Amino acid sequence: HLPSTHLLTQPIQLRHPFLFYIGHLPAFAWNKLNLYLVNTPLSFNAEYDIIFERGIDPIVDDPSQCHDHPPVPIEWPTLSSILQYKDSIRNAILSSSNSMLNENNAVATHAIEMVIEHELMHVETLYYMILQLRISDFLCNHLKSHRNVNQNQNTCEEWMKLATSKTFDNEKECFVRIEAGCVELGIEADGKKNEFKWDIEYGKESVCVESFEVSQYPVTIYQFAQFIASNGYHNPAFWTDSDYQFIQSQSTFYPASWIYVSSPLYTPHAPSHHHVSIHEILSHFHYFTAYYGAFPLSEVYNLPVFVSLAEARAYAKWKQCRIISEPEYHRMAFGNKNAEYSWGSESPVAGKHGNFGWKYGSAVSVDSFPDGVSEFGVHGCYSDGWEWTDSELSPFSGFTPMVEYPNYSTDFFDGHHYVLKGASWATDCTLIRKSFRNWYQDHYRYVFSKFRIARNIDSNASFY
């Protein structure tokens with residue numbers, strides 16, 4: 001439950017306040033479906049149709065640059081008026097939905113599916129915004145008085161059991177070999193006509209992937225803490241120039257879902273001139289969850305770490321490795337059989353094949369789902385967090401912008417956005433499919449996004 005006092009809060013300055021999303025979801029539904037509705041007015045509120053039409057995703061490095069979007073109002077409408085707008089649209093759609101579906105109109109059916117998937121994606125957006133809100137509230141209300149972190153007493157026992165599991169060996173570097181092979185990216189434009197897909201999924205490309213080695217599990221909190229203990233955030237050798245300039249300008253020295261608890265011996269904000277043990281890092285940071293509050297890293301260090309692509313690249317460079325590409329993800333996840341999912345053809349089951357569909361309310365230990373392992377033995381392809389690739393978002397051959405939403409993806413072929421694959425704990429099962437492509441900017445830190453590292457088989461090849 002979000003208190004009404006927080007509706008105009010922007011815990012992430014690169015996104016609109018929470019109030020916007022209450023209006024955005026019905027406005028999007030109305031703007032995409034009103035052509036197919038019967039016995040409805042031209043609009044329930046023409047001003048709201050525009051104000052709430054589209055959100056924002058400004059360039060992280062320069063927020064003055066942003067894709068096309070409606071002007072931000074000087075004053076947002078009242079909650080009561082937005083709820084009235086929402087209810088009117090909801091009732092109109094529900095009263096017409098059966099007739100739209102019964103007419104066997106594929107275009108209308110796809111529009112309904114698009115609206116549903118759009119809402120499901122924004123549910124995840126709201127979760128990571130709420131997480132940042134709770135971190136901000138904690139820092140304001142607790143850390144200044146140096147109070148101890150108290151975890152939520154209503155913690156789900158099932159999540160706690162998996163999150164605090166200590167069966168994974170962080171000291172053992174586990175790489176698996178992925179044999180060379182060709183992968184098929186995208187889907188044919190005339191294929192599966194009865195199933196809705198976003199435009200960025202269409203088009204078809206065949207890519208030959210060379211043999212490579214990849215970490216069997218996503219990088220964990222424990223492993224990333226070692227990078228921090230090694231002054232990783234303060235060593236420009238591990239970062240590209242633009243990545244390092246950005247983290248320094250933003251005073252970014254640890255993941256966005258962590259909070260630092262003060263220590264007289266260590267601070268993450270400056271290079272350490274004495275040896276920093278992994279114990280110090282695990283003791284002086286806490287991991288924040290959207291549902292359950294905060295936990296010392298020492299309790300949950302086998303969870304995958306959530307970071308930006310820039311942070312993932314730096315860790316990989318520190319390990320003399322690199323981040324996988326989108327074709328490499330397909331090769332390691334779907335294997336020689338080109339399976340529909342990493343585990344095969346069975347429909348996704350949350351809690352069996354991975355952590356998705358809000359099953360546990362947060363990430364869990366990376367070795368929790370052996371039934372989701374890929375043909376090559378890779379764990380967690382669809383679990384806990386979206387998986388970063390180092391592939392810029394770009395269309396496949398034969399791409400055509402969707403008529404219903406022509407700027408869905410085209411505004412983001414800008415060199416700043418990169419492809420993520422898989423799913424997070426807050427991803428609905430509807431969105432779990434091989435062709436789905438998520439994307440975020442490489443400097444955007446707030447997503448439930450994990451990574452794994454890879455290296456070339458040829459020892460003489462460059463790792464970065």
For the range 187-264, list the strands (runs of 3 or more DSSP E) that sit wholly inside it and hold at least 1 residues that are more than 22 Å from the chain's Cα centre (by Cα) and buried (at least 21 other Cβ atoms within 10 Å of the Cβ); which are they?
212-215
Among the listed residues 294, 314, which satisfies the condition of being surrounded by 20 or more Cβ atoms within 10 Å (Cβ to Cβ), out of contact with any Ser or Thr (no Cβ under 7 Å at 6 or more places or on another chain) and at pLDDT 90 or above?
314
Filtering the range 413-457 down to residues that are in contact with a His (Cβ under 9 Å, 6 or more places away or on another chain), under 30 Å from residue 289 (Cα atoms) and either open to solvent by 20 Å² or more (accessible area, probe 1.4 Å) or of a type in the set (D, E, K, R) (or both) yields 416, 421, 434, 439, 440, 442
If you check every pair at least six apart or on different chains, which have Cβ atoms under 7 Å apart with a residue in the range 389-409 that is over 27 Å from residue 30 (Cβ atoms) and modelled with pLDDT of 95 or more first and a residue that is open to solvent by 60 Å² or more (accessible area, probe 1.4 Å) and not basic (Lys, Arg) second?
393/413; 394/413; 395/413
Could you count how many residues in the range 361-385 are over 23 Å from residue 336 (Cα atoms) and either among the hydrophobic types (A, V, I, L, M, F, W, C) or touching a helix residue (DSSP H, G or I) at 6+ places or on another chain (Cβ under 7 Å) (or both)?
7
Conditions first: (1) outside any strand (DSSP E or B); (2) in contact with a strand residue (DSSP E or B) (Cβ under 7 Å, 6 or more places away or on another chain); (3) surrounded by 18 or more Cβ atoms within 10 Å (Cβ to Cβ); (4) small (Gly, Ala, Ser). Residue 368 passes all but one, so which condition is the exception?
(2)
Return a yes/no flag: does the range 317-330 have any residue that is among the aromatic types (Phe, Trp, Tyr) and in a loop (DSSP other than H, G, I, E, B).
no
Looking only at the range 375-393, how many residues end up being within 18 Å of residue 427 (Cβ to Cβ) and of a type in the set (S, T, N, Q)?
2
Select from the range 16-50 the residues that are among the aliphatic types (A, V, I, L, M) and at pLDDT 95 or above and write down the one among them that is surrounded by the fewest Cβ atoms within 10 Å (Cβ to Cβ).
46
Is it true that some residue in the range 97-116 is open to solvent by less than 70 Å² (accessible area, probe 1.4 Å) and free of Cβ contacts under 8 Å to residues at least 60 places away in the same chain?
yes
Tell me which of these residue 53 doesn't satisfy, since it passes every other one: (1) open to solvent by 80 Å² or more (accessible area, probe 1.4 Å); (2) modelled with pLDDT of 95 or more; (3) farther than 21 Å from residue 116 by Cβ.
(3)
Please enumerate the residues belonging to the range 371-393 that are charged (D, E, K, R) and in a strand (DSSP E or B).
387, 390, 392
Quick one: residue 359 ticks every box in (1) open to solvent by less than 10 Å² (accessible area, probe 1.4 Å); (2) within 17 Å of the chain's Cα centre (by Cα); (3) farther than 16 Å from residue 229 by Cβ bar one, so which box is it?
(1)
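Please tell me if residue 83 is modelled with pLDDT of 95 or more and either closer than 24 Å to residue 130 by Cβ or surrounded by 14 or more Cβ atoms within 10 Å (Cβ to Cβ) (or both).
It is true that residue 83 is modelled with pLDDT of 95 or more and either closer than 24 Å to residue 130 by Cβ or surrounded by 14 or more Cβ atoms within 10 Å (Cβ to Cβ) (or both).
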Considering each residue of the range 394-413, count those that are assigned to a loop (DSSP other than H, G, I, E, B), of a type outside the set (Gly, Ala, Ser) and more than 16 Å from residue 207 (Cα to Cα), and give that number.
11
Name the one entry in 359, 434, 421, 337 that is touching a residue at least 24 places away in the same chain (Cβ under 8 Å) and part of a strand (DSSP E or B).
421
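The values are calculated or read from the model by the stated rules, or taken from the named source; none is laboratory data. On a predicted model such as this, the values are computed, not experimentally measured, just so you know. FYI the Cβ positions are ideal-geometry reconstructions off the backbone, even for glycines, and counts take in every protein chain you see. For accessibility, only protein heavy atoms count, side chains too; no ligands or nucleic acids. Shrake-Rupley method; radii C 1.70, N 1.55, O 1.52, S 1.80 Å.
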